[in-house]
Amino acid sequence: MLNIGLVGPGSIADHRLAPALQRVAGARLWSVCSRDAARATAFAARHAAAGPVHTDLAAFLADPELHAVLIATPDHLHAAQAIATTRADKHVFVEKPMATSVAETAAIRAACDAADVRLAVGYHLRHHTGLRALRERLLSGALGRPLHMRVTWTFRERDPGNWRGGPELGRWWALAAVGTHGLDLARWFLRPQCGELVRAVALTSNPVHGGPHDETAALALRFASGATADILCSVLFRAPRAVELYCADGEARGDAVLGPQGDGRITVDGAELAYTARDPYQSELEDFVAAIVDRRNPEVDGAEGLANVRWLCEVT
């Protein structure tokens, strides 16, 4: 049984990671770490943690019964916490984006390599069963040469005090909340046939809340083959969440597939693509646990996390 601890009992941990972990065979939520003892205690009780609650990261990591750590804290905290975790010889799962600079992200990866611990990054959409089926269809050649991909993911954030909107805990707002997923999807879908991403540019704006970070961002990407992609993300308005794929011999569209549930509708040339929805957070945690047991890289590893942050930094 792998004992997995969690740092940062916020919304994504409370609603997605901890419930998903309860359904992962061979692993359990062991301990919880937060600066707020009452919050950590309530979270541990709510999700049936089997071990202790901590307010000190060093004490949390010193537990000999702890095997791996889920880091779900604000973005600026990821690097220090992940590196401390590797130095304690614990495996690391870090929510996206992996860090807020190329140097920090590379340092996390180097620390994990030096300690010979597994490193996974939380891009749960790679575990969406419908998107996986669509990617397999694309890689089979059924749609012909990929030419363009579009990802649209927006939502409305009315709280100007959201931690992503300020400089203390994050570097990006819309880009870190959802745009980073669009960038990951574009690279995951297109690189096998189109080569690596070679150029990316972005237009960003912050016209409503007036903080230092992007409230809306529009990215344009070009891959080595000449295939292109565009990504729209925003915290200001609601638009239909969609993935669109245009190829030489066909086209595909995914509606309402971008989100936490793993559901939505996918069509290929107008015909529905059948798939069975499954919690993508459970699947990504199962992959993390299997990677630890099998001593292999997780499906979304440090190299992928670093590439994503590198391009986020490039466009901003």
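Between helix 78-87 and the chain there is an angle of about 50 degrees, using the helix long axis and the longest principal axis of the Cα atoms.
Spatial offset of the stretch 1-72 relative to the stretch 161-223 amounts to 29 Å, using the alpha carbon center of each. Scaled to the globular estimate 2.2 N^0.38 Å, the Cα spread of the stretch 1-154, given as radius of gyration, is 1.17. Its residue count N sets the reference 2.2 N^0.38 Å, and the alpha-carbon radius of gyration of the stretch 1-66 equals 0.99 times that reference.
When ligands, DNA and RNA are left out and all protein chains stay put, how many square angstrom of accessible area per residue does the chain have with a 1.4 Å probe? Could the numbers behind the result be given before it?
Details: 12630 Å² over 316 residues.
Result: 40 Å² of accessible area for each residue.
As I understand it, the dipole of the chain uses +1 on the Cβ of Lys and Arg and -1 on the Cβ of Asp and Glu, about the Cα centre. Which of 232, 4, 121 lies farthest toward its positive end? Farthest towards the positive pole: 232. Which of the trypsin sites (Lys or Arg not before Pro) found in the stretch 193-245 are loop residues per DSSP with 13 or fewer other Cβ atoms within 10 Å of their Cβ? Filter output for the stretch 193-245: 238. Across the stretch 69-220, how large is the tail of the calculated P(r) beyond 26 Å, expressed as a percent of all Cα pairs? For the stretch 69-220, the share of Cα pairs beyond 26 Å comes to 37 percent.
What does the charge count around residue 163 come to, taking other residues whose C-beta lies under 12 Å from its C-beta (Lys +1, Arg +1, Asp -1, Glu -1)? Numbers along the way, then the final one.
Working: positive: 164, 171; negative: 75, 157, 159, 168.
Once all neighbours under 12 Å are counted, the net charge is -2.
Surface composition of the chain: carbon and sulfur make up 50 percent of the accessible area, probe 1.4 Å.
Hydrodynamic analysis of the stretch 80-170 uses the Kirkwood radius over alpha carbon pairs. Inserted into Stokes-Einstein at 10 °C and 1.306 mPa s, it gives a translational diffusion coefficient of 96 µm²/s.
Beta carbons within 10 angstrom, averaged per residue: use that to sort the peptides 299-310, 147-158, highest first. Spell out each step's value before the answer.
Details: 299-310: 20.7, 147-158: 18.5.
Answer by packing, highest mean first, reads 299-310, 147-158.
Semi-axes of the equivalent ellipsoid of the stretch 55-108 are 19, 11, 9 Å, computed as sqrt(5λ) over the eigenvalues of the C-alpha gyration tensor in descending order.
Extension gain, residue 62-residue 225: 0.36 nm per intervening residue step, less the Cα-Cα distance, totals 53.8 nm. With bins 20 Å wide beginning at 0, the percent of Cα pairs of the chain falling in each bin runs 33, 59, 8.
The values are calculated or read from the model by the stated rules, or taken from the named source; none is laboratory data. In this text, all values refer to a predicted model and were calculated from it rather than measured experimentally. No Cβ is skipped: glycine too gets one built from the backbone with ideal geometry, and neighbour counts run over all protein chains shown. Remember, those area values only see protein heavy atoms, side chains included, never the ligands or the DNA or RNA. Shrake-Rupley method; radii C 1.70, N 1.55, O 1.52, S 1.80 Å.
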